[in-house]
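For reference, the structure is listed below as structure tokens.
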Amino acid sequence: MEQAPGSGRPAAQTPLTCYRHPDRETGIRCTRCERPICPECMISASVGFQCPDCVRGASGGGPSPAAVRPRTIAGGPIAADPRLVTKILLGINLAVFIAVQASTTVLNDLVLVGAWPPAPFHPTEGVAGGEWWRMVTSMFTHEAIWHFAFNMLGLWWLGGPLEAALGRARYLALYLTSGLAGSALTYLLAAPASATLGASGAIFGLFGATAVLLRRLNQDMRPVLALLAINLIFTFSWSNIAWQAHIGGLVAGVVVGYAMVHAPRERRALVQYGTCALVLAAIVLITLLRTAQLT
């Protein structure tokens, strides 16, 4: 917070003024162009208020509709169905779960295995053997019904609000990046011959991003933090849980989530997708280093 020179007290922030009437202070922005507008310039819309210029533009002139669509806090367009991507992800997980129940061969082809058999036996199978798709497919694979149920409950509970807050593209980037980060850390630290699976890395990424979003909105974080703490206790107290996937996903979720909701408006897309690209670059680097170690 800035302070007035020599006073020791915070300096008052410059109030917003209407872009059409600079002498009038306001706290309302147009839901399309985000310019501040006073009560005289507010035109009621289906979502919030719009300025006269955007209303005229919608009927012929002015900026293109795509440029002035209402935006989420992260800059994504507001969709008619705010849970569409979450539903699709649920559907993919369900389809893979049904396929796994029908055939163990499917399970063996999708789980994350670093390298098998152990060196010096050849040929090596798994990610180190070139089966890189296991980094992705293991994110959607479940064997036990309880594992599938818990992860899908978390996806629905956390994913829906996050998708509405970030927008579809940013939410999907967050989910996939978090899941891949969990796979990469598991590949790096887990025993090469161990098989891991599940959407838990991506779900922990949603936990991290949700905490960042609630902090950004100054909302009560205690329910999410309490649930996250319980999940971390289970992560490190139960056997047969890939803690590496949970931690990798959580860290990526916090980093990407912070970039999504704190990016400056002028360079929003560059900061958001640039952060995703940097996290993906780290994932690729970790994968290449571990592969070089195992082969």
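Please treat every number below as a calculation from the coordinates, not as lab data. What you see is a predicted model; the values in this text were computed from it and never measured. Using ideal geometry, Cβ is built from the backbone for each residue, glycine included, and neighbour counts are taken over all protein chains shown.
Taking the stretch 183-209 and a reference point 7 angstrom along Cα→Cβ of Ala226, no backbone N atom is nearer than 17 Å.
Diffusion coefficient (Stokes-Einstein, Kirkwood radius over C-alpha pairs, 10 °C, 1.306 mPa s) for the stretch 70-163: 103 µm²/s, rounded to a whole number. Taking amide H atoms as placed 1.01 Å from N in the peptide plane, the amide H of Glu131 lies under 5 Å from those of Gly126, each 5 or more residues away in sequence or on another chain. Label positions at His122 and Gln219, each projected 7 Å from the Cα along the C-beta direction, are separated by 5.6 nm.
Coupling constants for the stretch 36-41 follow from the phi torsions by the Karplus curve (6.51 cos²θ - 1.76 cosθ + 1.60, θ = phi - 60°), and in residue order they are x, 9, 8, x, 5, 8 Hz; glycine and proline get x. Converting phi to 3J(HN,Hα) with the Karplus coefficients 6.51, -1.76 and 1.60 and the offset θ = phi - 60°, the stretch 193-201 yields 8, 7, 9, 10, 7, x, 8, 4, x Hz in sequence order, with x at every glycine or proline. According to the Kirkwood relation over distinct C-alpha pairs, the hydrodynamic radius of the stretch 123-248 is 15.2 Å.
Tell me, what is the FRET efficiency for Ile241 and Ile92 to the nearest 0.05, using R0 = 25 angstrom and their Cβ-Cβ distance as r? Don't jump to the answer; show the numbers that get you there.
Values: r = 23 Å, r/R0 = 0.90.
Here the calculated transfer efficiency is 0.65.
Here the 3J(HN,Hα) profile of the stretch 220-230, calculated from phi with Karplus coefficients 6.51, -1.76 and 1.60 at θ = phi - 60°, is 5, 8, 4, x, 5, 5, 5, 5, 5, 4, 4 Hz, Gly and Pro shown as x. Dividing the radius of gyration of the alpha carbons in the chain by their Kirkwood radius gives 1.09 for Rg/Rh.
Helix 168-189 axis versus longest C-alpha principal axis of the chain: approximately 30°, rounded to the nearest ten. Close amide-amide hydrogen proximity is noted between Ile28 and Ile37, each under 5 Å apart and 5 or more residues distant or on a separate chain (H modeled in the peptide plane; Pro and chain starts excluded).
Go through 153-160, 96-103 and give me the packing order, highest mean Cβ count within 10 Å leading. Each step should come with its number before you reach the end.
Details: 153-160: 18.0, 96-103: 15.2.
Output ranking for 153-160, 96-103: 153-160, 96-103.
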